[in-house]
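Trainee: I have a structure here, written as structure tokens, and I will follow up with some questions on it.
The values are calculated or read from the model by the stated rules, or taken from the named source; none is laboratory data. Predicted, not measured: the structure shown is a model, and the values here were computed from it. Because the Cβ atoms are built from the backbone with ideal geometry, glycine has one as well, and the counts that use them run over all protein chains shown.
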Amino acid sequence: MARMTILIICLILSVLPNRSATAQMNSPRSIKIATINVWSGLTYQGNWKMGEYENDQRRAWRYRALVDHLEKVSPDVICIQEANPLPDFTRRLARDLGYRAFGFVGMGGIHVGAIGLPVNFREGDAVLVHPRFRATGLGKEQLSGTGFANNWFTFHFEELTQIMGVRIAADGWSASIFNTHLHAGPGPSSAGIDDLRELLLKGEITRVEMKTILQEYEQNEQRRIEELETAIRSIQQMAPPDSPVILAGDLNLEPGSDAYQVLVNAGFQDSYVLNPSEQYYTWNADGNTNIQEYYQQPATFSTVMEKARWLYDQESKRIDYIWIQADRQSYEVTDTSLFGTTRIFDVHPSDHFGYLAEIELAGSE
């Protein structure tokens, strides 16, 4: 009788749903994403060799500081911009951290492989992925600029911008990660316009000069808008349809700008807005010693545009982002923070502070 009872109980249990397996399948999965413009340290002036702000020792200290900061925050995915030179920089960083690197040269002047001019310029973007994930490259697309750049050949005489993607997957979910670095020209922020008005009142610029500066600012913003429109189309083509999209990078735009609104209108959510624990300035002119030391006030004989650009760089602002495009019920931003804000070896790792977001994604595979 007892044996029969046990048999009946086993039969009943065999047809009931496996609650533990169901819970595991539906449970959210956490991913920690970091983005940082690692700063090339170049002046972007020079034909044979571009000018460099730092000596080799200072650059080495900055690199070690970057590694230490990344080890402390221990992200699952790291999006970096302005890595120079590629692929050496990202290979070394991936090796030192124990990650897998996907990277693309975005600018390099005239180069065939590592040979070309300027000799110290082969800059680009990369995504580093922790080995616990399966990772597949999704490719890259050029967003703006006349010319051509890839990992084997570059030919251009002006700024190029690009977007690159990597799909990551773990048991029960996947996500498409995109990384970009948009045009870096000043935009028509209210603070920047206030600075120009002050110069006008002091008689340091004329109304004609102010109008010219504002027109250039508007052109910079329009370029970023067009870059984002191209980026969104590229994401739609590259990203598999069955997983959420995460867009990270140095976007050089400010909250509330017309370029910012392009992403909002496309269904992207700003991770900072979803978890605004404090005010974040990833470009922090008051707190970052690299900005304070190397972004010097222009001389009196400098052009009006050079002075306006310096004023713009003295404004602290949030220009580095992590965006999510997915069903709002399928994810939650559980934490956001800055990293790289303290000095190690007496240096900050970049002229930007890094931005970190922790996101929980529902199962999607």
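Trainee: Find the residue count for segment 70-91, including only residues that are hydrophobic (A, V, I, L, M, F, W, C) and either assigned to a loop (DSSP other than H, G, I, E, B) or loosely packed, with under 13 Cβ neighbours inside 10 Å (or both).
Mentor: 1
Trainee: Here is a further query. Just the residues that are more than 12 Å from Asp125 (Cα to Cα), among the small types (Gly, Ala, Ser) and surrounded by 15 or more Cβ atoms within 10 Å (Cβ to Cβ), please, taken from segment 97-109.
Mentor: Gly108, Gly109
Trainee: Any residue at all in segment 333-353 that is of a type in the set (Lys, Arg), on the phi < 0 side of the Ramachandran plot and at pLDDT below 95?
Mentor: No.
Trainee: Residue check, Thr136 against (1) more than 30 Å from Trp173 (Cβ to Cβ); (2) within 21 Å of the chain's Cα centre (by Cα), all met but one. Which one?
Mentor: (1)
Trainee: A further question on this structure: Can you give me the ranges of the helices (runs of 4 or more DSSP H) entirely in segment 264-330 with at least 1 residues that are farther than 20 Å from Leu214 by Cα?
Mentor: It comes to 271-274, 289-294.
Trainee: A follow-up question, please. Which residue out of Ala126, Ala94 is small (Gly, Ala, Ser), in contact with a strand residue (DSSP E or B) (Cβ under 8 Å, 6 or more places away or on another chain), crowded, with 19+ Cβ neighbours inside 10 Å and not in a strand (DSSP E or B)?
Mentor: On inspection, the qualifying residue turns out to be Ala94.
Trainee: Okay, moving on. Which count do you get for residues in segment 136-180 that are in a strand (DSSP E or B) and out of contact with any Leu (no Cβ under 9 Å at 6 or more places or on another chain)?
Mentor: Within segment 136-180, residues that are in a strand (DSSP E or B) and out of contact with any Leu (no Cβ under 9 Å at 6 or more places or on another chain) number 12.
Trainee: So Gln269 fits all but one of (1) touching a helix residue (DSSP H, G or I) at 6+ places or on another chain (Cβ under 9 Å); (2) within 23 Å of Thr146 (Cα to Cα); what number is the exception?
Mentor: Only one criterion is unmet by Gln269, namely (2).
Trainee: Identify, by number, the condition in (1) touching a helix residue (DSSP H, G or I) at 6+ places or on another chain (Cβ under 9 Å); (2) surrounded by 21 or more Cβ atoms within 10 Å (Cβ to Cβ); (3) free of Cβ contacts under 8 Å to residues at least 60 places away in the same chain; (4) β-branched (Val, Ile, Thr) that Val67 doesn't meet.
Mentor: Condition not satisfied by Val67: (2).
Trainee: Return the residues of segment 326-350 that are in contact with a Ser or Thr (Cβ under 9 Å, 6 or more places away or on another chain) and touching a residue at least 60 places away in the same chain (Cβ under 8 Å); say none if nothing qualifies.
Mentor: Ala326, Ser330, Val333, Thr334, Asp335, Thr336, Ser337, Gly340, Arg343, Asp346, Val347, His348
Trainee: Are any residues in segment 244-263 on the phi < 0 side of the Ramachandran plot and not in a strand (DSSP E or B), and if so, which ones?
Mentor: Hits for segment 244-263 are Pro244, Leu251, Leu253, Glu254, Pro255, Ser257, Asp258, Ala259, Tyr260, Gln261, Val262, Leu263.
Trainee: So which of Ala259, Ala285 ends up being of a type outside the set (Ser, Thr, Tyr), surrounded by 19 or more Cβ atoms within 10 Å (Cβ to Cβ) and in contact with a helix residue (DSSP H, G or I) (Cβ under 6 Å, 6 or more places away or on another chain)?
Mentor: When all the criteria are applied, what remains is Ala259.
Trainee: Residues being hydrophobic (A, V, I, L, M, F, W, C) and touching a helix residue (DSSP H, G or I) at 6+ places or on another chain (Cβ under 7 Å): count how many of those fall in segment 106-150.
Mentor: Selection size over segment 106-150: 4.
Trainee: Can you work out which of the residues in segment 39-60 that are of a type in the set (Asp, Glu) and not in a loop (DSSP other than H, G, I, E, B) is surrounded by the fewest Cβ atoms within 10 Å (Cβ to Cβ)?
Mentor: Asp56
Trainee: Conditions first: (1) closer than 30 Å to Gln325 by Cα; (2) free of Cβ contacts under 8 Å to residues at least 24 places away in the same chain. Met164 passes all but one, so which condition is the exception?
Mentor: (2)
Trainee: Something else about it: Filter segment 114-123 down to the residues that are surrounded by fewer than 24 Cβ atoms within 10 Å (Cβ to Cβ) and without any contact (Cβ under 8 Å) to a residue 40 or more places away in the chain, then identify the one that is nearest to the chain's Cα centre (by Cα).
Mentor: Filtering segment 114-123 for residues that are surrounded by fewer than 24 Cβ atoms within 10 Å (Cβ to Cβ) and without any contact (Cβ under 8 Å) to a residue 40 or more places away in the chain, the one nearest to the chain's Cα centre (by Cα) comes out as Ala114.
Trainee: Next question, about the same structure. Just the residues that are more than 17 Å from Thr136 (Cα to Cα) and either free of Cβ contacts under 8 Å to residues at least 60 places away in the same chain or touching a Lys or Arg at 6+ places or on another chain (Cβ under 7 Å) (or both), please, taken from segment 229-248.
Mentor: Passing the criteria: Glu229, Ile232, Arg233.
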